[in-house]
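The values are calculated or read from the model by the stated rules, or taken from the named source; none is laboratory data. Computed from a predicted structure; not experimentally measured. Please note: Cβ atoms are built from the backbone with ideal geometry, for glycine as well, and neighbour counts cover all protein chains shown. Surface areas here come from the heavy atoms of the whole protein model, side chains and all, with no ligands, DNA or RNA. Shrake-Rupley method; radii C 1.70, N 1.55, O 1.52, S 1.80 Å.
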Amino acid sequence: ERYEDANVKVESRVIDTEGKIVAKCSADGSVELRDKAVLKYSTTLEGAHLWDIDDPYLYTLVTDVYADGELTDSYSTRFGCRTFVLDSNKGLFLNGRRVQIKGVCAHQDQGLFGKAVPDNIHRLKVRMIKEMGANAYRCAHYPQADILMSEFDKQGVLVMAETRWFSSSRSSLDDMRTLVRRDRNHPSVIMWSVGNEEYYFGTSQGERIATRMISEVKKSDCTRPVMVANATDPELCTVYG
């Protein structure tokens, strides 16, 4: 922590699987005593190798933060590049190719381990999902372990990430916002779910709650569709936004 104003610089570089820097960018700014600042910058990744369920290619974004010329922080983010279109009549198109979703849903717990699951068990779980012929996973129904989400990226599994509570209360919206901001860089995540098996889905009150929650999702990520999960009435399994 610093107790004086600082001139800052943020540098980012995109690294491919061979360790080569394929894009980079930076921005300069200043931060006042005990304050925060937002620096915005961008770059273009030419000829990107696309992430796919059959070819889960990942890049690494390394970001370094400097204060008065001194390196103060460094952070690495794995990400992938892909396109997808969800057409209500024709289905899902991943990188222009039609893909039939063959999905499973599961909680994070694993047998006698409960939720204290070793990383290698998460890796095995994803591998077994792939081996059984599935290509998609619904997070039922809360943010699941970072390592599990990373394995979906690495092994090529599509994901619907789901928040815990179908509610427009401040705490529920905070939880959902945290989920979206944590997982929005995962190429495996193709949609968000704002609720699970709620009576309110089919009511006007439910529509108001969903509208409020979706508006918050879109503030953090406007690239993915938002829906709800319902096992009792297929007509209520609606893509809301």
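Computing FRET efficiency as 1/(1 + (r/R0)^6) for ARG127 and THR83, where r is the C-beta to C-beta distance and R0 is 22 Å, gives about 0.25. Between MET160, MET213, MET128, the GNM of the chain built on Cα springs shorter than 10 angstrom shows MET128 fluctuating the most. Note down the accessible area of PHE84, probe 1.4 Å, to the nearest 10 Å². The value for PHE84 is about 40 Å².
Note that the range 60-71 has calculated 3J(HN,Hα) couplings of 10, 9, 9, 10, 10, 10, 10, 10, 6, x, 9, 5 Hz, one per residue in order, obtained from phi through the Karplus relation 6.51 cos²θ - 1.76 cosθ + 1.60 (θ = phi - 60°); glycine and proline are x.
Excluding same-chain neighbours fewer than eight residues apart, the aspartates and glutamates reachable from LYS24 by a Cα-Cα span under 19 Å are GLU11, ASP16, GLU46, ASP64, ASP73. Figure note: TYR3, TYR142 ranked by solvent-accessible area, largest first, 1.4 Å probe, ligands and nucleic acids not counted: TYR3, TYR142. A simple spin-label model places pseudo-atoms 7 Å from Cα toward Cβ; at ALA27 and LYS154 they are separated by 3.1 nm.
Per-residue accessible area (protein heavy atoms, 1.4 Å probe) orders ASP16, ASP87, ASP5 as ASP5, ASP87, ASP16, starting from the largest.
Cross-link partners of LYS90 among lysines, defined as those whose alpha carbon lies under 21 angstrom from its own and excluding same-chain residues fewer than eight positions apart: LYS102. Dividing the helix sum by the residues of the chain, where each DSSP H run of 4 or more adds -39500 (n - 2.57), gives a mean residue ellipticity at 222 nm of -7000 deg cm²/dmol. Rolling a 1.4 Å probe over the protein heavy atoms gives the chain an accessible area of 57 Å² per residue. Is the range 38-123 best put as rounded, prolate or oblate by its Cα gyration tensor, with a ≥ b ≥ c the root eigenvalues, rounded for a/c under 1.5, and otherwise prolate when a/b is larger than b/c, oblate when not? Oblate shape, in that a/c is at least 1.5 and b/c is the bigger or equal ratio. With 25 Å as the limit on Cα-Cα distance, the pairs of LYS20/LYS218; LYS40/LYS219; LYS20/LYS219; LYS9/LYS36 that go past it are LYS20/LYS218; LYS20/LYS219. Mean separation of Cα pairs under 8 Å and 6 or more residues apart, divided by the residue count, gives the chain a relative contact order of 13 percent.
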